[in-house]
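**Q** My questions all concern the structure below.
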Amino acid sequence: MYISRLALDHFRSWPHLVVDFAPGVTILKGANGLGKTNIVEAVEVLSTGSSHRVSSSLPLIERGEAKATIRANVGEDDDETTYEVTIAARGANRGRINGGNSLYMRDIVGKVPSVSFTPDDQRLVAGDPAGRRGFLDQAGSLLIPGYAANLSNANKIAKQRAALLKQLGQRSEPANAQNAALNGLEIWTGQFIAVGVTLTRARARLIERLAGPFSRIYDELAGKPQHAGLEYVPSYEEVLDFEQPEPEISKHYQRLYAGEIARGRNLIGPHRDDMVLTLDGMPAREFASNGEMWTMALALKMALFNEIAQAQQIKPIVILDDVFAQLDETRRRQILEFAMQQDQVLITVAAAGDIPPDATRGGDAAIIDVAELKAGAEDENASLVAQLQAARENNTDGDGAQS
């Protein structure tokens with residue numbers, strides 16, 4: 001599988017962009033700030049429905065615009081399919097396949113699988129839980145049918161429930177309004193528990209599925225067995241302890257209601273889950289060296305790649321986003337050896353000197369100058385603006401009124 005053409009409209013710093021790719025290695029070279037990472041981020045969003053760089057989709061839209069669009073022509077087995085997602089500032093994100101009927105964006109997720117290696121990957125070990133949840137959600141969306149829909153539903157219910165908690169915290173409201181809000185809170189709590197249990201069980205299966213390959217790949221990268229592991233730390237811990245956890249979780253909420261109302265926020269739920277990476281049975285974030293953390297991050301991403309490739313019988317697109325400056329020679333070689341075996345690899349670098357020699361071995365790698373892309377896109381945008389202005393002038397009469 002490979003992307004042959006990527007087209008962006010109002011995505012991040014790109015008002016309009018069309019760029020062609022080929023199978024194999026493509027290197028996007030450009031100074032920081034030109035938008036090279038935004039290009040590969042668009043592939044990640046098309047693939048997983050989200051970006052590891054932000055927690056919401058609004059920053060993905062060019063400032064002042066109502067929506068952003070990503071289109072990709074994807075080749076596989078001599079067939080080509082066009083996938084499109086539209087990210088809306090307001091309302092639901094949508095998708096299309098080959099220009100067909102409008103779908104939810106989640107119906108597109110996983111059709112073009114990709115795995116990104118980024119400078120932030122070390123945070124999967126030592127960073128805050130939000131980064132690890134983001135990894136789990138992207139992995140779940142790629143590997144587990146229905147995961148993206150359940151996640152979307154959980155997020156919507158969490159927002160509604162939090163809004164009611166804040167409403168209940170406003171003591172000046174009349175008693176009837178408080179009673180209505182309490183009744184609504186019970187309803188939203190029941191729905192939050194139901195979708196949260198489903199999501200928790202999916203994440204538990206996902207971590208169990210990744211744990212074996214992760215441990216094996218880590219040992220291969222480290223060159224010796226060190227017993228690297230993954231452990232799930234669910235907020236709804238009752239899911240792991242009870243066959244029917246819903247009543248126990250409900251009791252937990254009953255004990256927390258006063259605190260939740262006082263703070264105006266959901267104190268438990270799948271939005272508080274975490275995953276712990278361990279080394280020799282100890283939390284890696286506390287005991288692992290910087291190099292060991294990088295190796296664990298690489299092993300985790302490679303394990304995800306292998307699981308996707310095995311489940312879908314296709315090799316995901318590999319994205320190496322400005323990672324070489326962060327890695328030592330050994331790990332740089334390891335990630336390149338892995339990447340060079342895949343169908344399509346997109347690499348971003350800030351300068352020609354950052355391109356690893358092995359990445360251009362055999363002279364087959366395509367190098368795209370992002371500064372030239374930017375200049376071409378700006379010229380095209382200026383031409384479109386001029387055409388629109390000319391059209392407006394042609395449609396007005398001599399007094400300046402619309403004809």
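**Q** Taking the stated definitions as given, is Thr348 modelled with pLDDT of 90 or more, of a type outside the set (Asp, Glu) and in contact with a Phe, Trp or Tyr (Cβ under 9 Å, 6 or more places away or on another chain)? Can you show your working first?
**A** On the way: modelled with pLDDT of 90 or more: yes; of a type outside the set (Asp, Glu): yes; in contact with a Phe, Trp or Tyr (Cβ under 9 Å, 6 or more places away or on another chain): no.
It is false that Thr348 is modelled with pLDDT of 90 or more, of a type outside the set (Asp, Glu) and in contact with a Phe, Trp or Tyr (Cβ under 9 Å, 6 or more places away or on another chain).
**Q** Which of the residues belonging to region 229-243 are surrounded by 12 or more Cβ atoms within 10 Å (Cβ to Cβ), of a type in the set (D, E, K, R) and in a helix (DSSP H, G or I)?
**A** Taking region 229-243 as the starting set, the residues that turn out to be surrounded by 12 or more Cβ atoms within 10 Å (Cβ to Cβ) are 229-240, 242.
With the extra rule that they be of a type in the set (D, E, K, R), the set shrinks to 231, 237-238.
If the condition is that a residue be surrounded by 12 or more Cβ atoms within 10 Å (Cβ to Cβ), of a type in the set (D, E, K, R) and in a helix (DSSP H, G or I), then Glu238 is the only one that fits.
**Q** Hey, another quick one. Which fully enclosed strands (runs of 3 or more DSSP E) of region 65-125 have 2 or more residues being under 30 Å from Tyr218 (Cβ atoms) and hydroxyl-bearing (Ser, Thr, Tyr)? Steps first, answer last, please.
**A** On the way: elements: 67-76, 79-88, 94-97, 114-117.
So the answer is 114-117.
**Q** Same structure, new question: Quick check on my filter: what residues within region 132-151 are surrounded by 17 or more Cβ atoms within 10 Å (Cβ to Cβ) and of a type in the set (Gly, Ala, Ser)? Don't jump to the end; show me each part of the working.
**A** Within region 132-151, the first condition is being surrounded by 17 or more Cβ atoms within 10 Å (Cβ to Cβ), and the residues that meet it are 132-144, 147-148, 150-151.
Scanning region 132-151 gives Gly134, Ala139, Gly140, Ser141, Ala148.
**Q** What about Ser47, is it closer than 28 Å to Ala339 by Cα, surrounded by fewer than 19 Cβ atoms within 10 Å (Cβ to Cβ), of a type in the set (S, T, N, Q) and under 13 Å from the mean Cα position of the chain (by Cα)? Can you show your working first?
**A** Working: closer than 28 Å to Ala339 by Cα: yes; surrounded by fewer than 19 Cβ atoms within 10 Å (Cβ to Cβ): no; of a type in the set (S, T, N, Q): yes; under 13 Å from the mean Cα position of the chain (by Cα): yes.
For Ser47, the condition - closer than 28 Å to Ala339 by Cα, surrounded by fewer than 19 Cβ atoms within 10 Å (Cβ to Cβ), of a type in the set (S, T, N, Q) and under 13 Å from the mean Cα position of the chain (by Cα) - is not met.
**Q** Further, regarding this structure: Under 8 Å between Cβ atoms, which residue pairs at least 6 apart in sequence (or on different chains) link something in region 135-149 that is closer than 10 Å to Thr48 by Cα with a partner that is buried (at least 24 other Cβ atoms within 10 Å of the Cβ) and aromatic (Phe, Trp, Tyr)?
**A** Every condition considered, the pairs that remain are Asp137/Tyr147; Gly140/Tyr147; Ser141/Tyr147.
**Q** Scan region 57-81 for residues that are among the β-branched types (Val, Ile, Thr) and over 20 Å from the mean Cα position of the chain (by Cα) and jot them down.
**A** Residues of region 57-81 among the β-branched types (Val, Ile, Thr): 61, 69-70, 74, 81.
Within region 57-81, just Thr81 meets the criteria.
**Q** While we're here: Regarding Gly259, is this residue under 30 Å from the mean Cα position of the chain (by Cα), over 19 Å from Pro129 (Cβ atoms) and modelled with pLDDT under 95?
**A** Details: under 30 Å from the mean Cα position of the chain (by Cα): no; over 19 Å from Pro129 (Cβ atoms): yes; modelled with pLDDT under 95: yes.
Judged against the criteria, Gly259 is not a match.
**Q** If you scan region 42-64, which residues turn out to be touching a strand residue (DSSP E or B) at 6+ places or on another chain (Cβ under 8 Å), without any contact (Cβ under 8 Å) to a residue 60 or more places away in the chain and in a helix (DSSP H, G or I)?
**A** Ala42, Val45, Leu60
**Q** Before we move on, is Arg332 in a helix (DSSP H, G or I), within 20 Å of Thr37 (Cβ to Cβ) and modelled with pLDDT under 90?
**A** yes
**Q** So which residues in region 278-292 are farther than 11 Å from Val125 by Cβ, in contact (Cβ under 8 Å) with a residue 24 or more places away in the chain and not acidic (Asp, Glu), if there are any at all?
**A** Selection gives Gly281, Gly291.
**Q** If I filter region 244-252 for residues that are outside any helix (DSSP H, G or I), without any contact (Cβ under 8 Å) to a residue 60 or more places away in the chain and surrounded by fewer than 20 Cβ atoms within 10 Å (Cβ to Cβ), do I get at least one hit?
**A** Filtering region 244-252 for residues outside any helix (DSSP H, G or I) gives 244-245.
In the following step, the residues that additionally are without any contact (Cβ under 8 Å) to a residue 60 or more places away in the chain were identified as 244-245.
If we keep only those that are surrounded by fewer than 20 Cβ atoms within 10 Å (Cβ to Cβ) too, we end up with 244.
Looking through region 244-252, at least one residue is outside any helix (DSSP H, G or I), without any contact (Cβ under 8 Å) to a residue 60 or more places away in the chain and surrounded by fewer than 20 Cβ atoms within 10 Å (Cβ to Cβ).
**Q** So Gln226 fits all but one of (1) at pLDDT 95 or above; (2) assigned to a loop (DSSP other than H, G, I, E, B); (3) of a type outside the set (Gly, Ala, Ser); what number is the exception?
**A** It fails just one condition, (1).
**Q** Now for a different question. Filter region 206-223 down to the residues that are part of a helix (DSSP H, G or I) and small (Gly, Ala, Ser), then identify the one that is surrounded by the fewest Cβ atoms within 10 Å (Cβ to Cβ).
**A** Checking each candidate, the answer is Gly212.
**Q** Would you confirm, using the coordinates I've provided, whether Pro234 is in contact with an Asp or Glu (Cβ under 8 Å, 6 or more places away or on another chain) and either of a type in the set (Lys, Arg) or closer than 26 Å to Gln310 by Cα (or both)? Before you say what the answer is, go through the steps one by one.
**A** Details: in contact with an Asp or Glu (Cβ under 8 Å, 6 or more places away or on another chain): yes; either of a type in the set (Lys, Arg) or closer than 26 Å to Gln310 by Cα (or both): no.
No: the conditions fail for Pro234.
**Q** Checking Trp188 against (1) surrounded by fewer than 16 Cβ atoms within 10 Å (Cβ to Cβ); (2) over 29 Å from Arg333 (Cα atoms); (3) out of contact with any Asp or Glu (no Cβ under 7 Å at 6 or more places or on another chain), which test does it fail?
**A** (1)
**Q** For region 257-312, enumerate the residues that are of a type in the set (Asp, Glu), out of contact with any Pro (no Cβ under 6 Å at 6 or more places or on another chain) and either assigned to a helix (DSSP H, G or I) or within 30 Å of Gln160 (Cβ to Cβ) (or both).
**A** Restricting attention to region 257-312, the residues satisfying the condition of being of a type in the set (Asp, Glu) are 260, 273-274, 280, 286, 292, 307.
From the residues that got through so far, the ones that are out of contact with any Pro (no Cβ under 6 Å at 6 or more places or on another chain) too are 260, 280, 286, 292, 307.
Correct list: Glu260, Glu286, Glu292, Glu307.
**Q** When you check Val125 against the structure, is it more than 16 Å from the chain's Cα centre (by Cα), surrounded by 18 or more Cβ atoms within 10 Å (Cβ to Cβ) and not polar (S, T, N, Q), yes or no? First the steps, then the outcome.
**A** On the way: more than 16 Å from the chain's Cα centre (by Cα): yes; surrounded by 18 or more Cβ atoms within 10 Å (Cβ to Cβ): yes; not polar (S, T, N, Q): yes.
Against the criterion (more than 16 Å from the chain's Cα centre (by Cα), surrounded by 18 or more Cβ atoms within 10 Å (Cβ to Cβ) and not polar (S, T, N, Q)), Val125 qualifies.
**Q** Would it be correct to say that Thr295 is in contact (Cβ under 8 Å) with a residue 60 or more places away in the chain, surrounded by 15 or more Cβ atoms within 10 Å (Cβ to Cβ) and of a type in the set (Ser, Thr, Tyr)? So that I can check it myself, show each step before the final result.
**A** Values: in contact (Cβ under 8 Å) with a residue 60 or more places away in the chain: yes; surrounded by 15 or more Cβ atoms within 10 Å (Cβ to Cβ): yes; of a type in the set (Ser, Thr, Tyr): yes.
When the stated conditions are applied, Thr295 passes them.
**Q** How many residues does region 313-329 hold that are outside any helix (DSSP H, G or I), without any contact (Cβ under 8 Å) to a residue 24 or more places away in the chain and more than 20 Å from Leu210 (Cα to Cα)?
**A** The first filter runs over region 313-329 and keeps only residues outside any helix (DSSP H, G or I), leaving 313-323, 327-328.
Then keep just the ones that are without any contact (Cβ under 8 Å) to a residue 24 or more places away in the chain; that gives 313.
Going one step further and asking which of them are more than 20 Å from Leu210 (Cα to Cα), we end up with none.
Going through region 313-329 one residue at a time, the tally reaches 0.
**Q** Now for a separate question. Can you name the condition, by its number, that Thr69 falls short on among (1) crowded, with 17+ Cβ neighbours inside 10 Å; (2) under 24 Å from Leu304 (Cα atoms); (3) touching a residue at least 12 places away in the same chain (Cβ under 8 Å)?
**A** Unmet condition: (2).
The values are calculated or read from the model by the stated rules, or taken from the named source; none is laboratory data. Small disclaimer: the values here were computed from a predicted structure and weren't measured. Using ideal geometry, Cβ is built from the backbone for each residue, glycine included, and neighbour counts are taken over all protein chains shown.
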